[in-house]
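The values are calculated or read from the model by the stated rules, or taken from the named source; none is laboratory data. Predicted model, so just to flag it, every value in this text is computed and none were measured. Quick reminder, even Gly has a Cβ in these numbers, built from the backbone with ideal geometry, and neighbours come from all protein chains shown.
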Amino acid sequence: MKRPLCAVGGLFAAAVFFLLLVIQMQEGSELPDRAVVTITGTICGKEEKISSYTGEKQIVLYLKKEDGRKIMLYLDDAGYKLPMGCILKVSGKVRNFPESRNPGEFDSQSYYRILKIEYSLTDVKILGIGGRENVPEELLYRVKLSFEGILDRTMNSEDSGVMKAILLGDKNWLSDDIKDAFKKNGIIHIIAVSGVHISIIGMSLYKLLRRASMKIPAAAAISVIVMLMYGVMCGMSASAFRAIVMFAVHLGADIIGRTYDMLSAMSLSGIMLLVSCPLYLKHSGFLMSFGAVIAIGYVLPVMPDTIRTGKLKFMAASLSIMLVTLPVNMCFYYTYPVYSIVLNLFVLPLMSALILFGIAAIILGYVFLPAGIVSGIGCHLILKWFLLCCNTGSSIPGNTWYAGHPEIWQVLIYIILLAAFVIIKLKTHKPVPSTASAQRRLDEIRERKFDIIRHVLLFAGLCVLCLRIRPELRITALDVGQGDGIVIETKTANYLIDGGSTSKKQVAKYQLIPFLSYQGIGRLDAVIMTHEDEDHVSGILELFDEVEKYKGAIKIDNLILPKVGDSSKGEKYRTLEEKARELGINVSYIGREDKIRNRDVEIECLGPVKNMITDEPNAYSTVLYIKKGSFKGLFTGDVDGVGQDNLRAYVGAHRDEFADITLLKVAHHGSRYTTDEAFLDIVHPKVAFISCAQNSQYHHPHKELLERLDNIGAKTYITAQNGAITALVNDKNVKIKTYLD
């Protein structure tokens with residue numbers, strides 16, 4: 001076996017992966033939110049952040065307890081003076097990291113669990129300080145702050161924020177706009193401290209020491225120690241740790257006169273990381289970093305000659321990395337930036353220059369500030385070029401592929417077939433061709449046949465990975481807190497009924513878009529606004545903003561509004577009308593007995609009465625009746641008052657059609673003033689969905705409403721308790737799934 005360590009690393013990673021599938025890992029904190037606790041621990045990390053709530057600078061301390069788990073402490077500027085290594089006794093209020101409550105939503109709880117951070121503390125009071133300062137760690141922290149200060153003085157705040165992320169691993173100052181631009185165009189990896197940094201800084205230092213006549217062991221030892229210190233200063237991410245271990249192995253090979261093997265060094269670093277924390281196998285940064293090395297080491301050498309050495313050789317490495325990291329992108333981000341391979345060709349060649357300009361800005365900034373500013377201008381020009389590339393990519397239609405989330409079996413099949421693509425080439429390729437022309441021709445024919453087979457296998461793997469089976473009818477009530485957001489999927493169309501929240505900020509960014517991306521929905525046939533209250537439209541306005549500034553945003557074909565009199569239209573109603581028309585989105589209006597065309601399901605509007613006049617937006621809520629086979633669903637928005645009276649009278653007059661419906665989306669988040677007994681006696685739902693916030697300030701759902709549903713035997717699901725609620729419908733049955741159960 002040529003690479004035993006690679007085999008061991010692969011088997012170890014596979015074992016960890018399957019263990020993670022069958023073993024429920026320890027969850028986050030068992031303490032309730034806002035519980036007041038007193039803890040003692042050692043300061044093991046510090047960073048400055050800008051509060052997303054106040055916009056003010058705050059200090060975050062990481063306190064390591066005796067059991068090895070960490071706590072985040074939010075302090076004012078005084079926390080800056082507390083040295084690394086000292087022991088703190090503090091009290092404060094527990095703030096647990098939020099778990100994902102919808103498919104596709106970022107799971108903060110799992111993310112921080114990987115980092116071994118249990119919870120955060122706010123309203124912190126320091127009760128005691130002891131222990132000794134950890135001088136090396138405190139010194140590295142002070143050096144990092146000093147470097148950041150120089151970057152602030154040698155370039156503008158936007159450039160400084162990017163360079164702090166690229167050079168020092170501090171992403172707290174990176175603007176959201178730049179981060180989104182990099183992410184959506186597939187170059188977000190440039191802000192990770194990784195192999196590029198280590199190779200430039202580490203190898204430059206090593207070669208400099210060697211030129212100074214220092215012996216190999218001493219030069220290697222100093223270089224590795226400096227890189228370890230650099231890694232610690234930058235937060236020692238998985239990619240940085242991998243790169244430093246590989247760098248150390250490389251220099252170790254020089255010391256003992258052995259040939260450096262990149263893949264064996266990578267395997268060693270992977271084993272070390274997984275031993276320290278098996279959950280890294282669920283970390284996108286870990287998988288991306290190691291996937292890129294695997295691509296360069298295994299896939300690139302077996303790429304077709306026309307790509308690897310022909311006219312497309314400049315794209316060979318990017319294509320190889322794409323093939324390996326595609327499942328990671330699909331599992332964690334659900335989309336793929338189509339033009340990222342091309343964009344990276346214009347970005348990556350300048351990364352070395354950007355890092356060198358950044359280092360020069362820091363060094364020269366200490367010696368002579370104007371010289372540092374000149375280097376900062378070099379950074380500025382390169383970063384401007386990067387943003388120009390991103391803006392160009394974002395302006396091209398079709399720049400985002402909404403791939404959706406694959407199942408585990410699809411990923412495993414793809415990995416097996418990709419491995420076969422590599423292995424077949426390695427086993428059948430003869431590096432030294434036969435001297436006999438006839439034999440050489442036979443070898444070429446044989447190799448060409450195997451090339452066809454392995455490319456067919458690779459194509460089959462891609463087809464399996466990208467396969468998405470459309471549901472006959474899938475209805476998902478998303479947990480958007482105090483608000484509504486319902487996604488309807490059929491074989492041929494996708495609809496969003498409302499999308500807003502008053503308890504969650506940027507509900508489109510953090511709940512709606514992630515869910516749609518997770519499902520592989522890149523186009524909405526219609527967005528249906530039931531009424532104009534904030535908790536139903538805030539996310540729709542966000543979606544429109546995305547469409548306006550980003551060509552790769554989720555497309556919206558139609559906006560459907562309730563057909564009411566002009567005097568009933570409020571500010572948000574008119575804003576949505578105008579914005580949709582500006583964006584080229586067709587605007588239509590719907591009232592009682594109007595139908596939405598769909599060949600898979602019947603969608604009929606039961607309310608409002610056409611051209612209704614009312615001062616209450618809830619009263620004119622759009623009420624939709626969806627029917628497929630024996631399934632009957634009723635979606636009532638926030639209908640109440642005269643709107644509820646009209647609806648009750650209408651369904652009562654058509655009792656045969658609306659009796660014993662399958663699913664009722666309860667009006668107004670479960671308010672006691674809606675969905676009365678008379679209405680329930682008519683529709684008599686088997687299942688009821690209620691969308692409301694945890695610990696709602698309105699105390700939704702109200703006890704009286706729940707009792708009414710219980711009295712008729714309806715099975716009730718509440719987003720505040722169950723997270724997203726999904727009804728999978730076919731002609732035979734309905735299956736209800738909840739995200740948190």
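If a residue must be in contact (Cβ under 8 Å) with a residue 24 or more places away in the chain and in contact with a Phe, Trp or Tyr (Cβ under 7 Å, 6 or more places away or on another chain), how many such residues does region 225-262 contain?
From region 225-262, those in contact (Cβ under 8 Å) with a residue 24 or more places away in the chain are 226-227, 229-235, 237-248, 251-252, 254-255, 261-262; that's our starting set.
This time we only want the ones that are in contact with a Phe, Trp or Tyr (Cβ under 7 Å, 6 or more places away or on another chain), so: 227, 231, 238, 242, 251.
Result for region 225-262: 5.
Are any of the residues in region 407-426 out of contact with any strand residue (DSSP E or B) (no Cβ under 6 Å at 6 or more places or on another chain), touching a residue at least 24 places away in the same chain (Cβ under 8 Å), farther than 23 Å from Gly520 by Cα and not aliphatic (A, V, I, L, M)?
Scanning region 407-426, I find at least one residue that is out of contact with any strand residue (DSSP E or B) (no Cβ under 6 Å at 6 or more places or on another chain), touching a residue at least 24 places away in the same chain (Cβ under 8 Å), farther than 23 Å from Gly520 by Cα and not aliphatic (A, V, I, L, M), so the answer is yes.
Give the residues of region 585-624 that are under 12 Å from Ala526 (Cβ atoms) and of a type in the set (Lys, Arg), sorted by residue number.
Listed by number, the list holds a single entry, Arg597.
Would you confirm whether any residue within region 141-148 is touching a helix residue (DSSP H, G or I) at 6+ places or on another chain (Cβ under 7 Å), touching a residue at least 40 places away in the same chain (Cβ under 8 Å) and under 17 Å from Ser237 (Cα atoms)?
There is at least one residue in region 141-148 that is touching a helix residue (DSSP H, G or I) at 6+ places or on another chain (Cβ under 7 Å), touching a residue at least 40 places away in the same chain (Cβ under 8 Å) and under 17 Å from Ser237 (Cα atoms).
Of the residues Leu364, Leu418, only one is in a helix (DSSP H, G or I), under 23 Å from Val302 (Cα atoms) and either hydrophobic (A, V, I, L, M, F, W, C) or in contact with a helix residue (DSSP H, G or I) (Cβ under 7 Å, 6 or more places away or on another chain) (or both); which?
Of the residues listed, the single one that is in a helix (DSSP H, G or I), under 23 Å from Val302 (Cα atoms) and either hydrophobic (A, V, I, L, M, F, W, C) or in contact with a helix residue (DSSP H, G or I) (Cβ under 7 Å, 6 or more places away or on another chain) (or both) is Leu418.
What number of residues within region 210-239 are assigned to a loop (DSSP other than H, G, I, E, B) and among the hydroxyl-bearing types (Ser, Thr, Tyr)?
Residues flagged as assigned to a loop (DSSP other than H, G, I, E, B) and among the hydroxyl-bearing types (Ser, Thr, Tyr) within region 210-239 amount to 2.
Can you name every residue in region 519-571 that is among the hydroxyl-bearing types (Ser, Thr, Tyr) and touching a residue at least 60 places away in the same chain (Cβ under 8 Å)? Spell out the reasoning first.
Residues of region 519-571 among the hydroxyl-bearing types (Ser, Thr, Tyr): 530, 538, 550, 567-568.
If the condition is that a residue be among the hydroxyl-bearing types (Ser, Thr, Tyr) and touching a residue at least 60 places away in the same chain (Cβ under 8 Å), then Thr530, Tyr550 are the ones that fit.
Consider region 659-674. How many of its residues are buried (at least 17 other Cβ atoms within 10 Å of the Cβ) and closer than 20 Å to Met612 by Cβ?
Result for region 659-674: 3.
Show the residue pairs meeting these rules: Cβ distance below 7 Å; 6+ apart or different chains; first residue within region 609-620 and in the same structural domain as Val666 (by TED's automatic domain parsing) and within 12 Å of His668 (Cα to Cα); second residue assigned to a helix (DSSP H, G or I) and polar (S, T, N, Q).
none
Among the candidates Ala714, Ala693, Ala727, Ala688, which residue alone is over 21 Å from Pro608 (Cα atoms), free of Cβ contacts under 8 Å to residues at least 40 places away in the same chain, among the aliphatic types (A, V, I, L, M) and surrounded by 16 or more Cβ atoms within 10 Å (Cβ to Cβ)?
Ala688
Restricting attention to region 342-354, does a residue exist that is surrounded by 18 or more Cβ atoms within 10 Å (Cβ to Cβ), within 30 Å of Tyr414 (Cβ to Cβ), touching a Phe, Trp or Tyr at 6+ places or on another chain (Cβ under 8 Å) and not aromatic (Phe, Trp, Tyr)?
Yes, region 342-354 has at least one match.
For region 172-184, indicate whether the set of residues that are touching an Asp or Glu at 6+ places or on another chain (Cβ under 7 Å) and closer than 30 Å to Lys89 by Cα is non-empty.
Yes, the conditions are met somewhere in region 172-184.
Looking at Leu273, Leu268 in this structure, which one is within 24 Å of the chain's Cα centre (by Cα), of a type outside the set (Phe, Trp, Tyr) and assigned to a helix (DSSP H, G or I)?
Unique residue meeting the criteria: Leu273.
Looking at (1) modelled with pLDDT under 95; (2) over 17 Å from the mean Cα position of the chain (by Cα); (3) not hydrophobic (A, V, I, L, M, F, W, C), can you tell me which one Glu158 breaks?
Checking Glu158 against (1) modelled with pLDDT under 95; (2) over 17 Å from the mean Cα position of the chain (by Cα); (3) not hydrophobic (A, V, I, L, M, F, W, C), the one that fails is (1).
Could you grab me the full set of residues in region 482-491 that are under 19 Å from Glu105 (Cα atoms) and either assigned to a strand (DSSP E or B) or not assigned by TED's automatic domain parsing to the domain that holds Asp535 (or both)?
Quick first cut of region 482-491, residues under 19 Å from Glu105 (Cα atoms) only: 482-489.
Matches in region 482-491: Gly483, Asp484, Gly485, Ile486, Val487, Ile488, Glu489.
Check region 492-500 and report whether any residue there is surrounded by fewer than 21 Cβ atoms within 10 Å (Cβ to Cβ), of a type outside the set (Val, Ile, Thr) and in the same structural domain as Gly570 (by TED's automatic domain parsing).
yes
For Ile718, which of the numbered conditions (1) of a type in the set (A, V, I, L, M, F, W, C); (2) in contact with a strand residue (DSSP E or B) (Cβ under 6 Å, 6 or more places away or on another chain); (3) more than 25 Å from Phe631 (Cα to Cα) fails to hold?
The one condition Ile718 does not meet is (3).
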